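S.K.: Can you read through this structure? Questions will come right after.
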Amino acid sequence: MTEPVPGAEDQATAAPDRTGAAETSPSDKLFDPDRAFRKPGLPTLIVGLSCLFGIWHILTNLILIEPGMWQNAIHFAGFAFLAAISQPLWRGSSRGGLWVLEWIFGIAIALSALWIAYNESGLYERTLAKTGQEWQFSTLDWVTGILVIVGAVELTRRMTGWIIPSLVILALAYNAFLGEYLPGVFRAASLPVSDVMFRSLYNDEGMFGIITTISSANITLFMIFGAFLVISGASDFVIEVAKVIAGRFRGGAAFVAVIASALTGTISGSAVANTASTGVITIPLMKSNGFQPKFAAGVEASASTGGQLMPPIMGAGAFVMVSYTGIQYGTIVLFSIVPAILYFLSVAFVIRIEAVKSNINLADVAKADRVKIAAGALNFVLPLGVLTYLLVTGRTPSFAACVAIATLVAGSWLTPNKMGPEKIARALTLGIRTSIMTAVLLVTVGLINNAVTTSGLANSFALMIAEWSQGSLIIALVLVALASLVLGMGLPVTAAYIVLSILSAPAIAGMLADSIVVDLLAAGIGDPAKAAMFALVDSPHAAKAAAGMTVEEARQLVDAIPFELAIVIRPALVDTELMTTFLLTAHLIVFWLSQDSNVTPPVCLAAFTAAGIAGSRPMATGVSAWKIAKGLYIVPLLFAYTPLVGGTFAEIMQVGIFSLFGIYALNALIQRYAEGPLSVISLPLLIAGCALSFWPMELIANLAGAAIVTLAIIVTRRASGAPTDD
């Protein structure tokens, strides 16, 4: 089968082929491990360098002790060079001898990045020698700094298009001169050009700061781990297991797609790569089972989108959340298990309803290949089990990934797919190849992150969301969903999530915290010092803060708190642990909403990829995928209004179990079909059952909702005269 690209941030289609299918050059075949190992010469050299680069990533996160600046600079230098020689400047620029220019460009960027790391202490010494003056960049410093910034932006343009480069240019201009000309909350003081350069290169929020550390210390290692799983035969194991589980159900071919995409998500976390790898098998299978091409493609695209939500890898999202929230990776993964299951079951419900509606019978699914299952089982289950255990017990993601790789290599010698030197080299090469886009992209996004944090734009954006939503959480979520869709049209999912989380997550977390503040005000704040803070609020209810008030008065008082004062009052009144939970909830909401660009027209890369395999119309496929993937909107609402994040085990189970009844009812209402067509009796039953099943933390209401939905299913089934054994 086609090998899935592990962890690549949708680069299967985000970077179009600029060289033409018939054109060949040294740059065109640099990263084909099979070609490189069959013929000597330049490709083999690059594969060797890629292997060494992969080994360096493992060692630098285990035993090598390097300053963070050096680690990130080397990380970018290597990937910038690989990106430059593998992504031609324009169509045909790699033909003939022109490919040499790409090599020179890549080497120049790499050396400049290394110089920036080497020059850091010297820059501090020269600047301190001239106290009170601007940063003392030499001519060489300026040249290398500009080359690194321009190079990162240009390489990102080659791989993703003009959206991110345009945002970077706008961000740099905003810090340098544009901010002082803008009105209202977007007005910001301009900085000297030397200060903009220093902050871009050396700040923790800049190019070689926190975001790049996420890439060098975590994401690349997980991509390498995913490549080891692919080369070891674990991807074949995924498909065969899916056949065993789902092949005997009505519409089972589509269930194979769901299960295979969910399991592949544990390897890759890339929606487009997931679609391309599993779709070549599952989409023809679904079509032969009787599903329409656009529906089959929509199922694959929506299921593959869920791969980025599937623990333990979750694309790059979990790593970013660790950095922004300070919560352990294992905790984030644990809280993401039930939501991921809810999403995949929501897709499965759509399949079930469509199979019954279209009278699709049992799938003629080929019997599972027991040899592939036996060969891939140990290579899939054992390393993923070790990885999950280490993450849950609090070990760092980088350590867990390295140990999982070692476990896979050692365990493979007990299977037919032994990981010898050649396969290890192929896995390292594949892992580095699929990391190129994400690595360069995150370094470039650091420029946007730096501008946003330096200028205070994040607070301004949060204030704007608060004002537009008028304190309504649901309106704020709609605004964020719209913003994520717009950003997702031009940005890979990880980049869209990072940008949107910087701008909107604090606002959502603040609104969640305000619900606690409202309750405290309604009951009365016993601490005189804390109650006195509300004297600064221009509201007739401020004087009642200590004595208590009605809930409506408390809401009005909270809505009247200025943004600058709210960020002081919330931490003073709301427990720190609870504030952290709200921040994680906000990030999960943004992360889930940012996935919708994979399946929502007019730009939906996963859906378009699936349409190409199915032979269906791309836009119609996008609409179908968007309908099937409605869990991307349901689960964030559960994050916001229930204790699905941060709750006890019993609370999470209550939300998860009863939400399934609500999700089924909602799908049935949208398709106007359950186990049969909806009637005058079943329609109101489903509406009532849906509402009661979703009712936050009301057990009696939830039980009633589940019972009503079950009754509606029985009514529609009997009315249709459907058999009861499928």
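The values are calculated or read from the model by the stated rules, or taken from the named source; none is laboratory data. None of the values given here were measured: they were computed from a predicted structure. Glycine gets a Cβ as well: all are built from the backbone with ideal geometry, and neighbour counts include every protein chain shown. Surface areas here come from the heavy atoms of the whole protein model, side chains and all, with no ligands, DNA or RNA. Shrake-Rupley method; radii C 1.70, N 1.55, O 1.52, S 1.80 Å.
S.K.: Once both labels are modelled 7 Å past Cα along the beta-carbon direction, what's the Phe186-Asp527 spacing in nm?
M.R.: 3.8 nm
S.K.: Show me, bin by bin at 5 Å from 0, the whole-percent P(r) of region 161-224 based on Cα pairs.
M.R.: Binned Cα distances yield the sequence 4, 16, 16, 19, 19, 13, 6, 4, 2, 0.
S.K.: What value in Å³ per residue do you get for the convex hull of the alpha-carbon atoms in region 41-91?
M.R.: 71 Å³
S.K.: Order Glu577, Glu354 by their accessible area, 1.4 angstrom probe, all chains in place, largest first.
M.R.: The residues order as Glu577, Glu354, largest area first.
S.K.: Now, a different point. When all protein chains stay in place, what accessible area (Å², nearest 10, 1.4 Å probe) is found for Ile341?
M.R.: Counting only protein heavy atoms, the figure is 90 Å².
S.K.: Right, here's the next one. What is the chain's relative contact order, in percent, from Cα pairs under 8 angstrom and six or more apart in sequence?
M.R.: 17 percent
S.K.: How big is region 474-573 along each principal axis, measuring the range of its Cα positions in Å and listing the largest first?
M.R.: Projected onto its principal axes, the Cα set of region 474-573 covers 51, 22, 20 Å.
S.K.: Determine the calculated [θ] at 222 nm for the chain from helices alone, applying -39500 (n - 2.57) to every DSSP H run no shorter than 4 residues and normalising by the residue count; nearest 500 deg cm²/dmol. If you can, show how the numbers build up before the last one.
M.R.: On the way: 33 runs with 505 residues, N = 726.
Computed ellipticity for the chain at 222 nm equals -23000 deg cm²/dmol.
S.K.: So, taking all protein chains as they sit and a 1.4 Å probe, how much accessible area belongs to Tyr633, in Å² rounded to tens?
M.R.: 60 Å²
S.K.: Taking θ = phi - 60°, what integer Hz values does the Karplus form 6.51 cos²θ - 1.76 cosθ + 1.60 yield along region 200-210, in sequence order, with x for Gly and Pro?
M.R.: With the stated coefficients, region 200-210 comes to 5, 9, 10, 5, 5, 8, x, 4, 10, x, 4 Hz.
S.K.: Report the Cα-based extents of the chain along its three principal axes, largest first, to the nearest Å.
M.R.: Extents along the principal axes, in whole Å: 78, 74, 44.
S.K.: OK, next. Accessible area of Arg199, 1.4 Å probe, to the nearest 10 Å²?
M.R.: About 70 Å², rounded to the nearest 10.
S.K.: For a quick size check, give me the Cα extents of region 648-688 along its three principal axes, largest first, whole Å.
M.R.: Result for region 648-688: principal-axis Cα extents of 39, 15, 14 Å.
S.K.: Here are some pairs, Lys243/Lys357; Lys287/Lys630; Lys423/Lys627; Lys530/Lys630; Lys287/Lys423; which of them have Cα atoms lying more than 32 Å apart in this structure?
M.R.: From Lys243/Lys357; Lys287/Lys630; Lys423/Lys627; Lys530/Lys630; Lys287/Lys423, over 32 Å: Lys423/Lys627; Lys530/Lys630; Lys287/Lys423.
S.K.: Could you give the semi-axes, largest first, of the ellipsoid that matches region 597-642, computed as the square roots of 5 times the alpha carbon gyration tensor eigenvalues and rounded to whole Å?
M.R.: Whole-Å semi-axes of the equivalent ellipsoid: 25, 8, 7.
S.K.: Quickly rank 423-435, 582-594, 184-196, 99-111 as a protection proxy: mean count of other C-beta atoms within 10 Å, highest first.
M.R.: 582-594, 423-435, 99-111, 184-196
S.K.: Of the options Gly206, Gly524, Ala77, report the single residue whose Cα projects farthest towards the positive end of the charge dipole of the chain (beta-carbon charges: Lys, Arg +1; Asp, Glu -1).
M.R.: Farthest towards the positive end: Ala77.
S.K.: Can you give the FRET efficiency to the nearest 0.05 for Leu699 and Thr550, using r as the Cβ-Cβ distance and R₀ = 25 Å?
M.R.: 0.40
S.K.: Moving on to the next point. Using a 1.4 Å probe and counting only protein heavy atoms, arrange Leu382, Leu229, Leu334 so the residue with the most accessible area comes first. All intermediate terms of the calculation are to be shown ahead of the outcome.
M.R.: Numbers: Leu382 70, Leu229 0, Leu334 90 Å².
I get Leu334, Leu382, Leu229, largest accessible area first.
S.K.: I need to check one value: relative contact order of region 520-658, counting alpha carbon pairs closer than 8 Å and at least 6 residues apart, in percent.
M.R.: Over region 520-658, the number comes to 16 percent.
S.K.: First measure r as the distance between the Cβ atoms of Tyr118 and Ser539, then evaluate 1/(1 + (r/R0)^6) with R0 = 56 Å and state the FRET efficiency to the nearest 0.05.
M.R.: 0.50
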